[in-house]
Amino acid sequence: MTPASFDLTIRNGRISNADRTFHADIGVRDGVIVAIAPNLPPGTQDIDASGRWVLPGGIDSHCHIEQLSGMGVMCADDFYSGTVSAAFGGTTTILSFAAQHRNDSIPEVVQSYSRLAAEKAVIDYGFHLILTNPDETALREHLPKVIRDGITSLKVYMTYDKLKLDDYQLLEVMAVAGEEGALIMMHAENHDMIRWIAHRLLERGHVAPKFHAVAHDKLAESEATNRAIALARLADVPVLIVHVAGRETVEVIRNARQLGAAVYAESCPQYLFLEADDSDLPGVEGAKFCCSPPPRDVDSQEAVWDGLKDGTLGVYSSDHAPYRFDETGKLPKGDATTFKEMANGVPGIELRLPLLFSEGVMKGRISIEEFVALTATNHARMYGLAPRKGAIAVGADADIVLWDPERSVCVNAAMLHDNVGYTPYEGRVLQGWPEQVFSRGRCVVRDNALQVERGTGQYIARGRPDPLASRPTPSLERGRFSELVGLQRRD
Ligand code: DUC
Ligand code: ZN
Ligand code: ZN
């Protein structure tokens, strides 16, 4: 190996992957890790990582960027502010949502969303498709095509008037996902339970943000999760339950997994670090803490920690849903906005990793290897980004973050790079911070400053999600059922 053979060398670091921690240097050429060994020769760029923890760049597989919500509200972050904010928080790949609204043509949705991202993203990105109109053209033509083009996951909703699919439609989509090799991501909340509670609350004048959490009861979440799992088992496809909030939901998922069901799940910072009571504030201030499902209580937080520890919850994403605290975002009717009219969602793309690093790793709740698995490696496998992303390994993209475990930071909205203007984590003191961020060997963040131009992120066409690649053969009974009802698999 000649001295000039690396574009970048990161030396003397303490490297952690999902399986182990070790000391070595990393050599990078053309954006790819080409050597991991002690005492590598200097690279054109030579970084001393002494005292730093060297981790794979985070993958945030659930964030809403430059997307219109079901209620027609545009996110505050476009692909520039969204990806800059992600990068400053130690994330080097995002998966956001190309969202079909009911009258939209899927190919046009994907094309226009791709254009927005290509112009602005500073880190790598891929898309899921939100599907709201599974008509014959969508099912037979458009879905197979977008899945084959690398959008290998579909988000579907069991609630929200303008997004929800009924059980029959969910089964139809699942059948196509199974046939084409896409993963179903399920927003699991019982629509009619929420509608019924909300109606009765509003009738009685209970309009404040804190009633959002009352309407989105934990039973609505656990019932829909149970049903989603039953539907997926019937259709013989894996399912990933997104944004798990409540203890009962964690238990439903754990039980199904113990029975051998191909059920996967995600949780997010708001379910570890926020509670329903946080939204009990004067006026509409509590709206800053409202998302769906809502943060619950300390008991559910504990259940989410346990789920992350024991593998019930395999991925930890932000569900960054950025809305400004004004008429353009959270509060379409200003101070008169009821909980039913608020935009749902909290920001979190930049603090996702620092929160878990500080409260999970530094406080001894999870190991650094578990941190890496939950924030990067499992996302890469789950969503067909591996082996290119999610690990520090020869042949992988040089998506690498140098963390300073000694740095303590008091969070405030002004230091963040999103376009939201507030953070539900204001005033928290976090231990450990991502200091230097590399994406495909390019330094993206250093000295608290962005080092790259807009539009330099790359689109990643994804492969088959691991749950589909490694799905166990259907049982004899299911196999015969599948044959009778014409369920097919593309191998
Ligand atoms: N709920 C969602 O389903 N998506 C975005 C944010 C939210 O609160
Ligand atoms: Zn959702
Ligand atoms: Zn979401």
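The values are calculated or read from the model by the stated rules, or taken from the named source; none is laboratory data. The shown structure was predicted, so the numbers you read here are calculated from the model rather than taken from an experiment. Cβ placement follows ideal geometry from the backbone for every residue including glycine, while neighbour counts extend to all protein chains displayed.
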Failed criterion for VAL239 (all others in (1) closer than 25 Å to ARG195 by Cβ; (2) more than 16 Å from ligand 2 (Cβ to nearest atom); (3) of a type in the set (A, V, I, L, M) hold): (2)
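Only one of these is over 18 Å from the mean Cα position of the chain (by Cα) and part of a loop (DSSP other than H, G, I, E, B): GLY427, GLY432, GLY390, GLY384. Name it. Write out each step before concluding.
On the way: GLY432 fails: part of a loop (DSSP other than H, G, I, E, B); GLY390 fails: over 18 Å from the mean Cα position of the chain (by Cα); GLY384 fails: over 18 Å from the mean Cα position of the chain (by Cα).
Result: GLY427 is the single residue among GLY427, GLY432, GLY390, GLY384 that is over 18 Å from the mean Cα position of the chain (by Cα) and part of a loop (DSSP other than H, G, I, E, B).
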Residues of region 175-193 that turn out to be out of contact with any strand residue (DSSP E or B) (no Cβ under 6 Å at 6 or more places or on another chain), more than 13 Å from ligand 2 (Cβ to nearest atom) and touching a residue at least 24 places away in the same chain (Cβ under 8 Å), as a count: 8
ALA336 more than 17 Å from CYS268 (Cβ to Cβ), without any contact (Cβ under 8 Å) to a residue 24 or more places away in the chain and out of contact with any strand residue (DSSP E or B) (no Cβ under 8 Å at 6 or more places or on another chain): yes
Odd one out for TYR316, checked against (1) touching a Leu at 6+ places or on another chain (Cβ under 8 Å); (2) within 16 Å of ligand 3 (Cβ to nearest atom); (3) in contact (Cβ under 8 Å) with a residue 60 or more places away in the chain: (3)
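For region 158-217, give me every one of the helices (runs of 4 or more DSSP H) that falls completely inside it and has 3 or more residues that are buried (at least 20 other Cβ atoms within 10 Å of the Cβ), within 23 Å of the chain's Cα centre (by Cα) and away from ligand 1 (no atom under 16 Å from the Cβ).
167-180
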Answer residue from region 241-261, given it is within 16 Å of ligand 1 (Cβ to nearest atom) and aliphatic (A, V, I, L, M) and is nearest to the chain's Cα centre (by Cα) among those: VAL242
Number of the exception - LEU274 against (1) more than 16 Å from ligand 1 (Cβ to nearest atom); (2) under 25 Å from PRO347 (Cα atoms): (1)
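Looking at this structure, is SER482 of a type outside the set (D, E, K, R) and either free of Cβ contacts under 8 Å to residues at least 60 places away in the same chain or over 30 Å from ALA261 (Cβ atoms) (or both)? Show your work before the answer.
Numbers: of a type outside the set (D, E, K, R): yes; either free of Cβ contacts under 8 Å to residues at least 60 places away in the same chain or over 30 Å from ALA261 (Cβ atoms) (or both): no.
Here the answer is no, as SER482 does not meet what is asked.
Residues being part of a loop (DSSP other than H, G, I, E, B), among the β-branched types (Val, Ile, Thr) and either more than 28 Å from VAL284 (Cα to Cα) or more than 16 Å from ligand 1 (Cβ to nearest atom) (or both): count how many of those fall in region 339-370.
Step one: of region 339-370, the residues part of a loop (DSSP other than H, G, I, E, B) are 339-345, 347-351, 363-367.
Still in the running and among the β-branched types (Val, Ile, Thr): 349, 366.
Okay, now just the ones that are also either more than 28 Å from VAL284 (Cα to Cα) or more than 16 Å from ligand 1 (Cβ to nearest atom) (or both), so 366.
Residues meeting the conditions: 1.
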Of all residues in region 293-313 being assigned to a loop (DSSP other than H, G, I, E, B) and surrounded by fewer than 23 Cβ atoms within 10 Å (Cβ to Cβ), the one that is nearest to ligand 2 (Cβ to nearest atom): ASP297
Those strands (runs of 3 or more DSSP E) lying entirely in region 1-59 with at least 1 residues within 17 Å of ARG446 (Cα to Cα) and hydrophobic (A, V, I, L, M, F, W, C): 8-16, 45-48, 53-56
Odd one out for ASP277, checked against (1) among the acidic types (Asp, Glu); (2) surrounded by fewer than 19 Cβ atoms within 10 Å (Cβ to Cβ); (3) not in a helix (DSSP H, G or I): (3)
Test: residue in region 23-45 that is among the hydroxyl-bearing types (Ser, Thr, Tyr), touching a helix residue (DSSP H, G or I) at 6+ places or on another chain (Cβ under 6 Å) and either surrounded by fewer than 23 Cβ atoms within 10 Å (Cβ to Cβ) or more than 27 Å from PRO465 (Cβ to Cβ) (or both): no
Yes/no for SER318 being within 14 Å of ligand 2 (Cβ to nearest atom), surrounded by fewer than 24 Cβ atoms within 10 Å (Cβ to Cβ), in a loop (DSSP other than H, G, I, E, B) and at pLDDT 95 or above: no
When residues of region 103-130 are limited to those that are part of a loop (DSSP other than H, G, I, E, B) and either touching a Phe, Trp or Tyr at 6+ places or on another chain (Cβ under 9 Å) or modelled with pLDDT under 95 (or both), the one nearest to ASP167 (Cα to Cα): ASN103
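Test ALA138 against the criterion of being buried (at least 17 other Cβ atoms within 10 Å of the Cβ), out of contact with any helix residue (DSSP H, G or I) (no Cβ under 8 Å at 6 or more places or on another chain) and assigned to a helix (DSSP H, G or I), and give yes or no. Show your work before the answer.
Working: buried (at least 17 other Cβ atoms within 10 Å of the Cβ): yes; out of contact with any helix residue (DSSP H, G or I) (no Cβ under 8 Å at 6 or more places or on another chain): no; assigned to a helix (DSSP H, G or I): yes.
No.
Only one of TYR323, TYR264 is within 13 Å of ligand 1 (Cβ to nearest atom) and either of a type outside the set (Val, Ile, Thr) or not in a loop (DSSP other than H, G, I, E, B) (or both). Can you tell me which? Quick ask: steps written out before the conclusion?
Numbers: TYR264 fails: within 13 Å of ligand 1 (Cβ to nearest atom).
None of the others qualify; the one that does is TYR323.
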Residue match in region 223-240 (condition: farther than 24 Å from GLU426 by Cα, in a loop (DSSP other than H, G, I, E, B), more than 16 Å from ligand 1 (Cβ to nearest atom) and of a type in the set (Val, Ile, Thr)): yes
Selected residue [in contact with an Asp or Glu (Cβ under 8 Å, 6 or more places away or on another chain), modelled with pLDDT of 95 or more, closer than 18 Å to PRO434 by Cβ and within 16 Å of ligand 3 (Cβ to nearest atom)] from ILE59, ILE10, ILE65, ILE94: ILE94
